[in-house]
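Asker: So that we are looking at the same thing, I have put the structure below in structure tokens.
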Amino acid sequence: MEEELQPARRERRKKKRFRFRGILLLLLLAVIAVGIYVFLQFQSGYKLAENTEQPTLEFDGDPENGDFQNILIIGVDSRGEEQSRSDTMMLMSHDKNTDEIKLTSFMRDIYADIPGYQSYKLNTAYYLGGANLLADTLREMFGLEIHHVAMIDFANFEHMVDIAAPDGVEIDVEKDMSEKIGVSLKQGVHTLNGKELLGYARFRADSEGDFGRVRRQQQVVAALKDELINVSAIPKYPKLAGAVQGYVQTDLPATEGAKLAIELAKGGKSDIGRLTVPVEGSYWDARYPDAGAVLEIDIEENRQALAEFLSQPLH
């Protein structure tokens, strides 16, 4: 297995261009926006452009239930490679009874038992077997139900943000940021364009490291969600639907995206609950020859934290 993975590692080291590592940001919002647009064409006579069909993604989801829906959101930066690791892994959970939305981020470096393989970093599961193997890994580790999946390649991120929020997105930047993010940001509340928002979410040159980066991802997702469920955003949906063509893949039917979007827009909870796995105090640093530096985690403690956060039965 190590011989198979090494060439890909060497190839990535040679690439000096910016990698949009770990930036989820617009995936959830793009799926919702396309869903609302499909809804509007039936309600108001809008016509969906011929070339705005979302690419479908085959996925073995758990059976639907009447209480909640979990969507696995995967962010990759393939750079044209046939295989790539998942830079971002996030579970969007929708409580159908309360309309609450919760986001759970899974750290890339979690040392995970990957079904059919030996243990590697969690983000290697997608490299080895795509969305289905990553979902199976999360199911076995944490007892989660995963009903649908959505995946984005970050190649057109900045353009999509600028369409979704042409006047920018208000973010409270907690400190001056410039190192390795392609922009310079000053501490304070600012309205950020797509490039600046990308830089903000990529920043990890502080003591928080990857944990801070994940926290900022969740913060930006919440801010973008507020932008797109606003009534004033409706005129943007046709253009956004066209922009996401070829970049968002999902097994989620358009009608399901529309249903979720309308439930959110008509009075769902404005705040998005957020959790990062592993939770504080439940992990330690380790290193293995086949995987490098990893996060060893207390599985049971994190399963308990997930059960309490999601208010869902785990299996």
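The values are calculated or read from the model by the stated rules, or taken from the named source; none is laboratory data. Note that the structure is predicted; figures quoted are calculated from it, not measured. Heads up, the Cβs are rebuilt from the backbone with ideal geometry, glycines too, and the neighbour counts pull from every protein chain shown.
Asker: Among the numbered criteria (1) over 25 Å from R213 (Cα atoms); (2) at pLDDT 90 or above; (3) basic (K, R), which one does K96 miss?
Answerer: (2)
Asker: Suppose we keep only residues that are touching a Leu at 6+ places or on another chain (Cβ under 9 Å) and closer than 14 Å to D176 by Cα within region 200-230. Which one would you say is surrounded by the most Cβ atoms within 10 Å (Cβ to Cβ)?
Answerer: Selected residue: A201.
Asker: A follow-up question, please. What pairs come out if I take residues in region 298-309 that are more than 14 Å from A112 (Cβ to Cβ) and pair them with residues that are assigned to a helix (DSSP H, G or I) whose C-beta lies under 7 Å away, six or more apart or interchain?
Answerer: The qualifying pairs are L306/F142.
Asker: Tell me, which strands (runs of 3 or more DSSP E) wholly within region 258-313 include 2 or more residues that are at pLDDT 95 or above and exposed (fewer than 14 other Cβ atoms within 10 Å of the Cβ)?
Answerer: Values: elements: 272-277, 283-288, 292-297.
Hits in region 258-313: 283-288.
Asker: Additional query: Name the single residue, out of those in region 153-208 being modelled with pLDDT of 80 or more and among the polar types (S, T, N, Q), that is farthest from E227 (Cα to Cα).
Answerer: S207
Asker: Enumerate the strands (runs of 3 or more DSSP E) found wholly within region 123-230, keeping only those where 3 or more residues are closer than 28 Å to Q304 by Cα and not β-branched (V, I, T).
Answerer: Numbers: elements: 148-153, 169-173, 188-192.
Of the strands (runs of 3 or more DSSP E) lying wholly inside region 123-230, those with at least 3 residues that are closer than 28 Å to Q304 by Cα and not β-branched (V, I, T) span 148-153.
Yes/no matrix, rows are residues, columns are (1) farther than 30 Å from L252 by Cα; (2) surrounded by fewer than 16 Cβ atoms within 10 Å (Cβ to Cβ):
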residue	(1), (2)
L134	no, no
R139	no, no
E145	no, no
H148	no, no
H159	no, yes
A165	no, no
E170	no, yes
E179	yes, yes
T191	yes, yes
